[in-house]
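Every number here is computed from the coordinates shown, using simple stated rules; none is lab data. Computed from a prediction, not measured in an experiment: that's the story for all the values here. Methodologically, a virtual Cβ is constructed for each residue, glycine included, from the backbone with ideal geometry; neighbour enumeration extends over all protein chains shown.
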Amino acid sequence: MSRTALVTGGTRGIGRAISEGLKAKGYAVAANFGGNEDAAKQFEQETGIKSYKFDVSDYEAVGAGLAQIEADLGPVEVLVNNAGITWDAPFHKMSKEQWDKVIDVDLSSAFNLTRQVWEGMRERGFGRVINISSINGQKGQFGQVNYSSAKAGLIGFTKALAQEGAKKGITVNVVCPGYIDTEMVRAVPEKVLEIIIATIPVGRLGKAEEIASMCAYLASDDGAFITGATMTVNGAQYIAG
Ligand code: NAI
């Protein structure tokens, strides 16, 4: 029987590449999304991966979504907490709403998802939790106090939870992408993007598939001894100690 994997925000961008990468490795994949139903339908047709709409920042909605996935595909054994948003502003202009929304979607979502699959993973003695953070959670970024806080929070979440999962066959890791060629990054003005690329020693944006292959490795049996780790995938743009 193939293992079941859930990728939040798994219908586009980095999440889509992760969903497709895991499917190619033989997992039964569920791809969650938050927004556009037509786009998700198209994703289903193109990939043959089933999509599930629920808001990762809503604990009850997550519970209902997980129940549906479990009924369709079986219990989630690999969880990729990928869904994320930005809502940038310099701190002196950042509203409470901007702060709360980004913390809820980017950080509390990891609690909402992981907490509700955790006991099952413990009982079965196997689990893989992969959190998608960001280079900007490692180094901080002007205009992103909310996002950098949420993404740094995911690193602490990972380090603490890895210690709790270790004896139960559950690994918990965090992947920190640098700038990846996705819609989120294409929304950045051309001139700003040129400046960003100039700071990447490899000389280009990363590819979503390069994050997906890291996730597939962490999900695999070969990744069993890697837990609590922060995997930096950024073309040497920021070399974390
Ligand atoms: P994207 O904007 O293309 O996709 C985000 C996905 O999250 C979408 O499928 C969307 O439906 C989903 N989503 C957003 N809010 C949601 C909610 N409340 N409930 C359920 N789903 C929700 O983003 P992209 O660029 O693919 O990024 C994926 C992850 O990688 C994010 O966590 C992002 O912060 C992180 N990241 C991205 C980088 C990049 O260069 N694109 C760099 C570093 C980190």
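A few remarks follow.
- Alpha-carbon centroid distance for the pair region 1-24 / region 30-44, whole angstrom: 12 Å
- Taking the charge dipole of the chain about its Cα centre, with +1 at Lys and Arg Cβ atoms and -1 at Asp and Glu Cβ atoms, the residue from G241, T182, I200 reaching farthest to the positive side is G241.
- Computed extension length for E194-E60: 44.0 nm, one decimal, from 0.36 nm per residue of separation with the Cα-Cα distance subtracted.
- Reference-scaled alpha-carbon Rg (2.2 N^0.38 Å with N residues) for region 151-227: 1.38
- Percent of Cα pairs exceeding the 21 Å cut-off, where the set is region 130-192: 33 percent
- Cα gyration tensor category, rounded, prolate or oblate, for region 35-89 with a/c compared to 1.5: oblate
- Taking θ as phi - 60° and the Karplus parameters 6.51, -1.76 and 1.60, the scalar couplings of region 226-241 work out to 9, 8, x, 8, 9, 9, 8, 10, 9, x, 6, 5, 9, 9, 6, x Hz in sequence order, x denoting glycine and proline.
- Where labels lie 7 Å past Cα in the beta-carbon direction, separation of A24 and F91 in nm: 4.2 nm
- Helix-only mean residue ellipticity at 222 nm for the chain, each DSSP H run of n ≥ 4 adding -39500 (n - 2.57), per residue, nearest 500: -14500 deg cm²/dmol
- Neighbour net charge for K53 - beta-carbon separation under 12 angstrom, K R +1, D E -1: -3
- The string of couplings for region 136-144 from the Karplus curve (6.51, -1.76, 1.60, θ = phi - 60°) is 6, x, 7, 10, x, 8, 3, x, 10 Hz, one whole number per residue in order, with x for Gly and Pro.
- The chain - percent relative contact order, Cα under 8 Å, separation 6 or more: 20 percent
- Placed amide H near V129: partners under 5 Å, 5+ positions off or other chain: L79, T171, V172, N173
- Across region 177-192, computed HN-Hα scalar couplings (Karplus, 6.51 cos²θ - 1.76 cosθ + 1.60, θ = phi - 60°) run x, x, 7, 10, 6, 9, 4, 4, 7, 5, 6, 6, x, 3, 5, 5 Hz from first to last residue, x flagging Gly and Pro.
- Against the chain, whose longest principal axis is taken from its Cα atoms, helix 145-165 shows a tilt of about 30°.
- Once the chain from Q141 to A67 is taken as fully extended at 0.36 nm per residue, the excess over their C-alpha distance is 22.9 nm.
- Three-way shape call for the chain based on the alpha-carbon gyration tensor, with the a/c threshold at 1.5: rounded
- Relative contact order (%) - criterion: Cα under 8 Å, at least six apart; region: region 103-241: 29 percent
- Percent RCO, i.e. relative contact order, over region 74-134, from Cα pairs under 8 Å lying at least 6 residues apart: 59 percent
- Positive-end residue, the chain charge dipole about Cα centroid, Cβ charges, pick of L218, G21, L66: L218
- Summary of the geometry: region 112-154 and region 165-241, compared by the centres of their Cα atoms, lie 13 Å apart.
- Counted charge near R115, where neighbours are those whose Cβ lies closer than 14 Å (Asp, Glu -1; Lys, Arg +1): -3
- Here the gap between K167 and N36, fully extended at 0.36 nm per residue and compared with their Cα-Cα distance, gives a gain of 43.2 nm.
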